[in-house]
Amino acid sequence: MANYIPTTPAELQEMLGAIGVKTVDDLFAEIPPELRLQGELNIPAGMSEPEMIRKVTRLAQTNETVDNNVCFLGGGAYDHIIPSVIDHLLLRGDFFTAYTPYQPEVSQGTLQCIYEFQSLISGLTGMDQANASMYEGATATVEAINMATAQTRRNRVLVLQTVNPEYRRVMSSLNTPLGVELISVPFEDGAVDPAKIQEALNDQVAAVVMQYPNFLGGIEDIEKISEMTHNAGALSIVVANPIALGLLETPGKLGADIVAGEGQPLGIPLSYGGPYVGFLAAKKALLRRMPGRIVGRTTDIDGKAGYVLTLQAREQHIRREKASSNICSNQALMALNTTIYMSLMGREGIKEVALQCFQKAHYLKRELAKVEGVSFPFTGSFFHELVVKIPNARKVIGKMAKQGVFAGIPLDNWFSNLKDCVLVAVTEKRTKDEIDHYCNLLGGFING
Amino acid sequence: MAEPLIFDLSKDGCRGFTLPALDVPEVDPADHIPARFLRQELPLPSLSELDVVRHFTRLSRLNHSVDIGFYPLGSCTMKYNPRVNENMARLAGFANLHPQQPDETVQGALQMLKTLEESLAEITGMDAMTLQPAAGAQGELTGLLIMLAYHRKKGNHKTKVMIPDSGHGTNPASCAMVGYEVVNIKSDARGGVDIEDLKSKLGPDIAGLMITNPNTLGLFDENIGELAHLIHSVDGLVYYDGANLNAIMGWTRPGDMGFDIVHLNLHKTFSTPHGGGGPGAGPVGVKKHLEPFLPNPRIQHDGKKYHLQTKCRESVGPVLASVGNFLVLVRAYAYILVNGREGLKNVSAYAVLNANYMMQRLKKTFDLPYDRFCKHEFVLSGKGLAKYGVKTLDVAKRLLDFGFHAPTIYFPMIVEESMMIEPTETESKGTLDCFIEAMEMIAREAAEKPENLKNAPTKTPVRRLDEATAARKPDINYFQKPE
C-alpha cells in the first residue's frame, strides 16, 4: 500500500509517450507468454507504515532479549556495553546509503574510515596490514586458510579442536571443495598440547589454525605453536578475540602470520548473529595473497592527500576465474561501527573493558567455586569465558532461563566428551549483583 | 583542508566513554596469565566523544550517497532505503538477541525468518530458500556448492560451468572457489546468449549454466526456456544470478523460466542499505529436488514451535557461523510487508519505465549498441567521443561535478567504453531529466571544451587520485609507512 515511487500519473503518461508505448505492459512484451506470471504473487497485499510497524513490533516483542534477561552467553558473540553515540553516527545517510567507493573522488568518507579500520586492526593485532573487512569471523578464517594454502602450495591444515566448532563447520563447507584437508587436533586440559601438534606437523601442512583465547576460554600457547609451525614451513593462523587483545599480547608478537577474527565484540549489537564483521590481518609477505578490498592512501593531481581502493589486480572483477577469492565487497558499515567503537573507547577504554571482563569472569569463578556441586574441568588460564560443570546441566540452565538468566551454552552441542559442561562468558556489562544472583540461583537449582 | 586521520587527532588523557566503576574485588592478571601473554602497549588513539562525533560527521560529508543525490550505478540497484526499516532493525526484540539463545526464546525471530523465506520463494518461483549467505557473492558460492553436491550424489562427472561473456565478474570467481572450470559463452547480435555457441560447447561435462536475466545489458533473453532445456538435457543445473531481479518482480519468475537455483541480493532489490559496501544478504532458493542440499541450519515449524534444524545429512553445511545477516533480513521483511504483491510488481514496472525513458532520450546523444526495450538498466557506449580524445572515464568524472554519481563504467566488457545506467523506481522524472540534461551538456563539452572532461572532477573533495603509486607503494596502514 505504502510505496516509495515518486512518479505522478501525468508523468507516467508523459514518459510512456516519450518511449513510444501505450502502457507499461508494452515494455514487458518480449517476455514469452508461457513465462509470464499468471495472476498475482501469492503474498499479502501491501500495508501502510503504521500497520507494518505494529506487526513487526509485535513479532519482535515475542522474543526474549539480553535486555530483559541477564546474558552469560558467549561462544563467539558477546554482550558488551555499546556507547549510544555509535548508532547516531551509523545512521548518517551519507554513510549507510552510499555504496562501495567505486568513484573515490566522492567516496573519501568511506575510504578514509576503511583506512582507519585497517590501521586500528593492524595495531590491535600487531600485524603489518589488514584488509577492508570480511563478512564475519568464520568466513574470515576460511579466507585465511585459502591464503595459506596458496602461499605454501600445500593442502593440509591442522585445526585445533579448541577453535570455535561453528567456524570449523564453515571451514569444512567452504575449504574442502578446493581440496583442503582439515585435520582436527584434540585438546586435553582445555587447550591443545603442543606435542600433539608437533606429531601432526610435516611438509604437507600448509597452516595451523588456533584460537586466542580458545573456544573453551583457555589461552593456548600460540607462541610455541607458531614456532613449531614455522619450523615445518607452515603458516600460523590465529583466530583472535579483539577485546581480549586489550589485555593479551598481540598474535603478531607471538608469531602469527595471519590473524582472523570476529569484530562483533567491538561495539556491534548481538543481532541474533549478524550482520557482524570479520577482520583479516597478515604479515607483509602475504600482502598480495589478501582477499577482498584494501584501501590505500595516495594524493590527487593537486597533491592533496586522498584514499583509493588499491591492489585491485588481485580481485574478481579483473581476474574473473583467476581471482583468489570471489569476495567483491566488504562489510563497510559494520567495519565503521567497530572503527567508531575503537576510536571512542580508545587506548585506555579498550584496556579497561578487557580488564573488567577478566576481573568479573574471575570473580564469577571464585564465587561458583563456593557452590556445592559445581566443578571446573579445566585448570589453565582464561580471559573472560570458562567451562563450568554442573550436575544435570541442561535441566538446570533451562530453569535458569525461566528465571531470566541465560546461564551458558551447553557444550555437548559439539563435544560429546563435555556432557554437563557449560560455557559461561562474563563481560564488563555484568554487575556484581548479577554475578551473585547467578551463583545463588544456580546453587538453588543444583541443590534444591 | 583534508580531514586528519583519527590517530592525528589523538590526545593523551582523553576519554570518549566512561565505563561503570569495577564493582568486584580485583585480582592481579599477572597471577593468572603468564607474563609473556600480557600486552605491554596498545597503539590506539585517545579522543573525547565530541572529537569522535565531529571526525566521523565530517568524513560522512565527503561521500556521495542515495540521500544526497542520484546514484545510477548499473547492476547495483541504488534505490531509496526506507527509514522505517532502520527502526525495525533496531527494535530491541531483534537487535538484542544472542545467537546462542534457546529456540523457545526467539520464536518471533524464527517466525520472521520463515515468513521471509516463504515470500522470497514465492517471488522467485522456487520451492525452498536459505537466508544464510551474507552477500550476493556468497549466495553464488552457496548455489555452486549445491550444484556440486547434486552432481556428486548422482555420480555425475562434471567439471565445467557455462557463463555468458556478459556475466558478472563474481560468477567465474565463484566457480573457481568450488573448483569448476569456466566455459565462456558468446552473446548474439541482440545481446542475448548465442545459442549456437552454447550448443557447440554443450557436453556431458557441463555442470550448469550461470546467467542473469535480464542480463547485464539490461536485456531480457527470450530464449531462456530453450537454454534451460538444453542445459537440463545434459543433466546440468541452471543458476539464476538475481542481481537484476528488480526488473521482473511480479511479471515473471526465475522458477517459471526453468531455473533450478537462484540467489538474490536483498541490498539491491529489497532496499536494504548498501552501507558503503556492506552488509548485504544473498539468500539462495532452489527447486524441490535440491532442497536437501541447502545449508544448515534450516528453520522448521513442527506445528507448534519453530526450531533451528542442523541435522540435515545431505546439506552442504553452513556457509556462515549464524543464521545469516539477521538485521538485514528484518529490513527486507519490512520492505516486502509494506509493498505487498501489487507494490512489488509496481517496483519493477517503474524501474523498467525509468530505464526506458532515459534510454530513449540518451540514445539521441550517445551510442546505444542494442536498440530494443531494456528492462531496469541499459548500456551506452562512449566510443563516439573518442574523436575528441575523451573516454567514458572522463564522462564519469565530469558527472561528479554535476552532483551525480557516475554509472557503472567499463562493464559489461562486451561493450566498448561502456556506461551501465540503472535509475531504479524511486527516482522522479525530474531527477532523470536533470541527469539527461547533464549528459547532453557533457557530450557538447566533449566536442567544444574536452579539457572540462579531462580535468574533471574539480568540485569534489579531492580530484583524480594517483592510483598507480597507491598500488606500487602501498600505504595501507598508518603505523607502517611505505618504503
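Conditions: (1) part of a strand (DSSP E or B); (2) within 14 Å of chain B (Cβ to nearest Cβ); (3) farther than 21 Å from residue A:382 by Cα. Residue A:157 meets all but one. Number of the miss?
Result: residue A:157 passes all but (2).
Yes/no per residue for (1) aliphatic (A, V, I, L, M); (2) in a loop (DSSP other than H, G, I, E, B); (3) farther than 17 Å from residue A:278 by Cβ:
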site	(1), (2), (3)
A:208	yes, no, yes
A:211	no, no, no
A:216	yes, yes, yes
A:239	yes, no, no
A:250	no, yes, yes
A:261	no, no, no
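Return a yes/no flag: does the stretch B:467-474 have any residue that is crowded, with 22+ Cβ neighbours inside 10 Å and hydroxyl-bearing (Ser, Thr, Tyr).
Checked the stretch B:467-474: no residue is crowded, with 22+ Cβ neighbours inside 10 Å and hydroxyl-bearing (Ser, Thr, Tyr).
Counting only residues that are surrounded by fewer than 17 Cβ atoms within 10 Å (Cβ to Cβ) and over 19 Å from residue A:376 (Cα atoms), which one in the stretch A:402-433 is farthest from the other protein chains (Cβ to nearest Cβ)?
Filtering first and then ranking leaves A:403.
Please work out which one of (1) in a helix (DSSP H, G or I); (2) more than 10 Å from chain A (Cβ to nearest Cβ); (3) surrounded by 24 or more Cβ atoms within 10 Å (Cβ to Cβ); (4) in contact with an Asp or Glu (Cβ under 8 Å, 6 or more places away or on another chain) is the condition residue B:147 fails and give its number.
(4)
Answer yes if at least one residue in the stretch A:52-68 is more than 7 Å from every other protein chain (Cβ to nearest Cβ), surrounded by 13 or more Cβ atoms within 10 Å (Cβ to Cβ) and either assigned to a loop (DSSP other than H, G, I, E, B) or not basic (Lys, Arg) (or both), and no otherwise.
No.
Filter the stretch B:436-463 down to residues that are among the polar types (S, T, N, Q) and closer than 14 Å to residue A:103 by Cα and give me whichever is farthest from the chain's Cα centre (by Cα).
Among those that are among the polar types (S, T, N, Q) and closer than 14 Å to residue A:103 by Cα, it is B:458.
Which one of these is over 25 Å from residue A:242 (Cα atoms), modelled with pLDDT of 95 or more and not assigned by TED's automatic domain parsing to the domain that holds residue B:284: B:112, B:1, B:78?
B:78
Please work out which residue is surrounded by the fewest Cβ atoms within 10 Å (Cβ to Cβ), limiting yourself to the stretch A:119-129 and to residues that are in contact with a strand residue (DSSP E or B) (Cβ under 6 Å, 6 or more places away or on another chain) and over 29 Å from residue B:96 (Cβ atoms).
Among residues in the stretch A:119-129 that are in contact with a strand residue (DSSP E or B) (Cβ under 6 Å, 6 or more places away or on another chain) and over 29 Å from residue B:96 (Cβ atoms), the one surrounded by the fewest Cβ atoms within 10 Å (Cβ to Cβ) is A:122.
Listed here are the residues, each with its yes/no results for (1) in contact (Cβ under 8 Å) with a residue 24 or more places away in the chain; (2) charged (D, E, K, R); (3) more than 7 Å from chain A (Cβ to nearest Cβ).
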{"residue": "B:332", "(1), (2), (3)": "yes, no, yes"}
{"residue": "B:339", "(1), (2), (3)": "no, no, no"}
{"residue": "B:343", "(1), (2), (3)": "no, no, no"}
{"residue": "B:346", "(1), (2), (3)": "yes, no, no"}
{"residue": "B:361", "(1), (2), (3)": "yes, yes, no"}
{"residue": "B:366", "(1), (2), (3)": "yes, no, yes"}
{"residue": "B:370", "(1), (2), (3)": "yes, no, yes"}
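Restricting attention to the stretch B:53-82, and to residues there that are touching a Ser or Thr at 6+ places or on another chain (Cβ under 9 Å), part of a helix (DSSP H, G or I) and touching a residue at least 40 places away in the same chain (Cβ under 8 Å), which single residue is farthest from the other protein chains (Cβ to nearest Cβ)?
Only one residue fits best here, namely B:55.
Check B:189, B:92 and return the single one that is within 9 Å of another protein chain (Cβ to nearest Cβ), among the aliphatic types (A, V, I, L, M), over 21 Å from the mean Cα position of the chain (by Cα) and surrounded by fewer than 20 Cβ atoms within 10 Å (Cβ to Cβ).
After ruling out the rest, the residue left standing is B:92.
Among the candidates A:207, A:150, A:132, A:98, single out the residue that is more than 9 Å from chain B (Cβ to nearest Cβ) and either under 22 Å from residue A:415 (Cα atoms) or surrounded by 24 or more Cβ atoms within 10 Å (Cβ to Cβ) (or both).
Selected residue: A:207, the only one of A:207, A:150, A:132, A:98 that is more than 9 Å from chain B (Cβ to nearest Cβ) and either under 22 Å from residue A:415 (Cα atoms) or surrounded by 24 or more Cβ atoms within 10 Å (Cβ to Cβ) (or both).
If we keep just the residues of the stretch B:34-52 that are more than 7 Å from chain A (Cβ to nearest Cβ) and in a helix (DSSP H, G or I), which is nearest to residue A:249 (Cα to Cα)?
B:35
Considering the stretch B:232-250 alone, what residues qualify as being in contact (Cβ under 8 Å) with a residue 60 or more places away in the chain and touching a strand residue (DSSP E or B) at 6+ places or on another chain (Cβ under 7 Å)?
B:236, B:237, B:239, B:240, B:241, B:242, B:245 - these are the residues of the stretch B:232-250 that are in contact (Cβ under 8 Å) with a residue 60 or more places away in the chain and touching a strand residue (DSSP E or B) at 6+ places or on another chain (Cβ under 7 Å).
Failed condition for residue A:127, given (1) more than 7 Å from chain B (Cβ to nearest Cβ); (2) assigned to a helix (DSSP H, G or I); (3) within 20 Å of the chain's Cα centre (by Cα), with all others met?
(2)
Answer yes if at least one residue in the stretch B:108-122 is closer than 30 Å to residue A:396 by Cα, of a type outside the set (Gly, Ala, Ser), assigned to a helix (DSSP H, G or I) and touching a Ser or Thr at 6+ places or on another chain (Cβ under 7 Å), and no otherwise.
no
Give B:322, B:315 a once-over and let me know the one that is within 14 Å of another protein chain (Cβ to nearest Cβ) and surrounded by fewer than 24 Cβ atoms within 10 Å (Cβ to Cβ).
B:315
Filtering the stretch B:20-33 down to residues that are at the interface with chain A (Cβ under 7 Å from one of its Cβ atoms) and touching a Ser or Thr at 6+ places or on another chain (Cβ under 8 Å), which residue is nearest to residue A:81 (Cα to Cα)?
B:23
Take residue B:129 and tell me if it is more than 7 Å from every other protein chain (Cβ to nearest Cβ), in contact (Cβ under 8 Å) with a residue 24 or more places away in the chain, under 24 Å from residue B:284 (Cα atoms) and surrounded by 24 or more Cβ atoms within 10 Å (Cβ to Cβ).
Yes; evaluated as a whole, the condition is true for this residue.
The values are calculated or read from the model by the stated rules, or taken from the named source; none is laboratory data. Just so you know, these numbers come straight off a predicted model, no measurement behind them. With ideal geometry, Cβ positions are generated from the backbone for all residues, glycine too; neighbour counts draw on all protein chains shown.
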